[in-house]
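The values are calculated or read from the model by the stated rules, or taken from the named source; none is laboratory data. Keep in mind that what you see is a predicted model, and the values were worked out from it rather than measured. Note: ideal-geometry Cβ built from the backbone for every residue, glycine included; neighbour counts use all protein chains shown.
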Amino acid sequence: MARLLEQWEKDDDIEEGDLPEHRRSPPPIDFSKVDPTKPEDLLKMSKKGRTLMVFATVSGDPTEKETEEITGLWQGSLFNANYDVQRGKFR
């Protein structure tokens, strides 16, 4: 089914913004504006408009319920700041 869908979409005129993220072309990076002492700036330029994975560790020794509550608060705060955040469990 996936190959059939790819063949079908190959002939369609799909705008760049409607393509899945992994099929969009990356934004061009102007390396003349990159400060080598600030790697965060390069990351911002290269990940602009892309999904970025961020990992956090809850300090102390919280129970699983406490961890869920803490990360839920963070997720709600980031959502209110217009960031689409999804939580996952890692052990």
Reported set for region 1-17 where residues are at pLDDT below 80 and either assigned to a loop (DSSP other than H, G, I, E, B) or surrounded by 10 or more Cβ atoms within 10 Å (Cβ to Cβ) (or both) is 6, 9, 12, 13, 14, 15
Count - residues of region 35-91 that are within 28 Å of residue 19 (Cα to Cα) and in a loop (DSSP other than H, G, I, E, B) | 17
Just give me the residues in region 53-91 being farther than 26 Å from residue 43 by Cα, among the β-branched types (Val, Ile, Thr) and surrounded by fewer than 11 Cβ atoms within 10 Å (Cβ to Cβ), in sequence order.
-> 63
